[in-house]
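The values are calculated or read from the model by the stated rules, or taken from the named source; none is laboratory data. Bear in mind that the values here come from a model prediction, so they are computed numbers and not experimental data. For neighbour counting, all protein chains shown are included, and Cβ atoms are generated from backbone atoms with ideal geometry for every residue, glycine included. What goes into the accessible areas is simple: the full protein's heavy atoms, side chains included, and nothing from ligands, DNA or RNA. Shrake-Rupley method; radii C 1.70, N 1.55, O 1.52, S 1.80 Å.
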Amino acid sequence: MTTKPNVVIALLTQDNDYQVEQAASAEDTARKLGIGVQVIYADNDSILQSQQILKFVQGKAELRPDGIIIEPVGGTGLPQVARAAVQSGIAWVILNREVGYVGELRQSSSAPVFTVATDNQEVGRIQSRQFAALLPSGGSVLYIQGPSDSETSKLRLAGMLETKPANVQVKTIKAQWTEASAFKAITSWLQLSTSQHAQIDLVAAQNDAMAAGAKKAFQQVNSIAAMDHWSGLRFVGVDGVPKTGQARVKEQLLTATIITPPLAGTALEMILSAMRSGKFPPEVTLIEPTSYPTIEALKLKK
């Protein structure tokens with residue numbers, strides 16, 4: 001390891017406040033620890049992400065990073081790229097995915113290999129508790145899910161369904177984690193004849209960006225009848241970044257969010273500690289999410 005370790009932070013997209021917060025967390029932690037970091041974004045394209053990382057892995061030995069921290073696009077976690085990195089002596093850390101190959105790579109790797117993730121199933125459980133608090137008599141939720149091949153999306157959905165109140169019905173629409181994608185998905189749904197008389201009591205998105213996009217779509221309906229029909233609709237999201245998600249709750253643009261702390265800074269601390277001590281962290285470290293505001297406070301908003 002060089003005197004000043006260098007780590008690549010490979011994230012999904014710059015068009016998402018949580019991903020930008022991940023980058024800020026990494027850069028802040030790097031300054032404190034004296035680590036060099038380079039943040040790259042894959043524009044939600046797994047092929048591009050693979051190509052980006054292989055450039056680092058296959059480059060000149062003296063220019064290779066000491067570690068790669070990646071939030072993978074899609075569900076596979078780029079196993080071939082991971083093996084190539086580890087074979088080159090590069091530490092490999094996965095954010096927000098639990099992929100099967102990590103245990104296998106740890107058995108033969110000289111560099112740290114591990115996962116740091118939000119407890120995304122608990123995120124889903126918390127969101128369903130928010131449903132119960134906001135809809136004590138039951139009702140209908142329009143639920144905006146992230147990409148179906150995303151492990152984060154799957155776990156959040158599973159947790160929500162696991163603890164969803166029996167008197168709450170859920171209709172699911174898919175988007176791509178961004179405000180623009182949710183705006184497009186909801187705008188398309190609103191144009192369906194079946195949506196015009198649908199009874200929706202709450203819109204819940206798997207992140208705050210999609211909740212914001214959904215709200216914008218509902219605000220742009222162009223008839224008085226539609227405006228009246230959707231007036232008073234409440235919106236909840238996930239991520240709880242202080243300057244966006246939490247701020248939207250304070251400004252009453254969102255009713256609630258769920259704080260999922262940025263993981264990249266934590267992963268950097270763990271990777272540096274592992275490099276210096278020679279001891280691998282646990283295979284998986286889960287970071288607990290929290291409701292914002294608390295479930296008790298939400299019960300008062302019903």
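Take the range 188-241 and flag every residue that is in a helix (DSSP H, G or I), open to solvent by 70 Å² or more (accessible area, probe 1.4 Å) and touching a helix residue (DSSP H, G or I) at 6+ places or on another chain (Cβ under 8 Å).
Once the filter is applied, which keeps residues that are in a helix (DSSP H, G or I), open to solvent by 70 Å² or more (accessible area, probe 1.4 Å) and touching a helix residue (DSSP H, G or I) at 6+ places or on another chain (Cβ under 8 Å), the range 188-241 yields only 216.
Consider residue 80 against the criteria (1) within 25 Å of residue 278 (Cβ to Cβ); (2) open to solvent by 20 Å² or more (accessible area, probe 1.4 Å): it satisfies all of them except one. Which criterion is unmet?
Status for residue 80: all satisfied but (1).
So in the range 44-62, with the set limited to residues that are in a helix (DSSP H, G or I) and among the charged types (D, E, K, R), which one is farthest from residue 95 (Cα to Cα)?
62
Residue 65 - would you say it is outside any helix (DSSP H, G or I), farther than 17 Å from residue 261 by Cβ and out of contact with any Phe, Trp or Tyr (no Cβ under 6 Å at 6 or more places or on another chain)?
Details: outside any helix (DSSP H, G or I): yes; farther than 17 Å from residue 261 by Cβ: yes; out of contact with any Phe, Trp or Tyr (no Cβ under 6 Å at 6 or more places or on another chain): no.
No.
Select from the range 154-178 the residues that are open to solvent by less than 50 Å² (accessible area, probe 1.4 Å), part of a loop (DSSP other than H, G, I, E, B) and touching a residue at least 60 places away in the same chain (Cβ under 8 Å) and list them in ascending order.
Listed by number, the residues that qualify are 177, 178.
Given the criterion within 14 Å of the chain's Cα centre (by Cα), under 20 Å from residue 147 (Cα atoms), surrounded by fewer than 22 Cβ atoms within 10 Å (Cβ to Cβ) and not β-branched (Val, Ile, Thr), identify the matching residue among 15, 45.
Values: 45 fails: within 14 Å of the chain's Cα centre (by Cα).
The conditions single out 15.
Hey, can you tell me all the residues within the range 242-261 that are out of contact with any Leu (no Cβ under 9 Å at 6 or more places or on another chain), hydrophobic (A, V, I, L, M, F, W, C) and open to solvent by less than 10 Å² (accessible area, probe 1.4 Å)?
Across the range 242-261, the qualifying residues are 254, 258.
Kindly state which strands (runs of 3 or more DSSP E) lie completely within the range 89-145 and contain at least 3 residues that are open to solvent by less than 10 Å² (accessible area, probe 1.4 Å) and not aliphatic (A, V, I, L, M). Break it down stepwise before answering.
Numbers: elements: 91-95, 113-118, 139-145.
The qualifying strands (runs of 3 or more DSSP E) are 113-118.
Can you find even one residue in the range 179-186 that is farther than 19 Å from residue 122 by Cα, modelled with pLDDT of 95 or more and polar (S, T, N, Q)?
Yes, that holds for at least one residue.
Quick test of your reading of the structure: residue 81 fulfils all but one of (1) farther than 23 Å from residue 210 by Cα; (2) among the β-branched types (Val, Ile, Thr); (3) in contact with a Ser or Thr (Cβ under 6 Å, 6 or more places away or on another chain); (4) at pLDDT below 95. Name the failing condition by number.
For residue 81, the failing item is (4).
Failed condition for residue 149, given (1) open to solvent by 60 Å² or more (accessible area, probe 1.4 Å); (2) of a type in the set (D, E, K, R); (3) under 19 Å from residue 260 (Cβ atoms), with all others met?
Residue 149 satisfies every listed condition except (3).
Considering every residue within the range 256-267, establish whether at least one is at pLDDT 95 or above and within 16 Å of residue 182 (Cβ to Cβ).
The answer is yes; a qualifying residue exists.
If you check every pair at least six apart or on different chains, which have Cβ atoms under 7 Å apart with a residue in the range 253-273 that is over 30 Å from residue 296 (Cα atoms) first and a residue that is part of a loop (DSSP other than H, G, I, E, B) second?
Listed by first residue and then by second, the contacts come to 268/35; 270/281; 271/112; 272/5; 272/35.
Restricting to the range 26-43, count the residues that are of a type in the set (Gly, Ala, Ser) and in a loop (DSSP other than H, G, I, E, B).
Quick first cut of the range 26-43, residues of a type in the set (Gly, Ala, Ser) only: 26, 30, 34, 36, 42.
Then drop every residue that is not in a loop (DSSP other than H, G, I, E, B), which leaves 34, 42.
Result for the range 26-43: 2.
Please verify whether the range 22-37 includes one or more residues that are farther than 17 Å from residue 265 by Cβ and open to solvent by less than 10 Å² (accessible area, probe 1.4 Å). Don't jump to the end; show me each part of the working.
Here is the first cut: in the range 22-37, the ones farther than 17 Å from residue 265 by Cβ are none.
Within the range 22-37, none of the residues are farther than 17 Å from residue 265 by Cβ and open to solvent by less than 10 Å² (accessible area, probe 1.4 Å).
Please pick out the residue among 134, 161, 157, 192 that is at pLDDT below 95 and not small (Gly, Ala, Ser). Give the steps one after another, and end with the answer.
On the way: 134 fails: at pLDDT below 95; 161 fails: at pLDDT below 95; 157 fails: at pLDDT below 95.
Exactly one of 134, 161, 157, 192 is at pLDDT below 95 and not small (Gly, Ala, Ser), namely 192.
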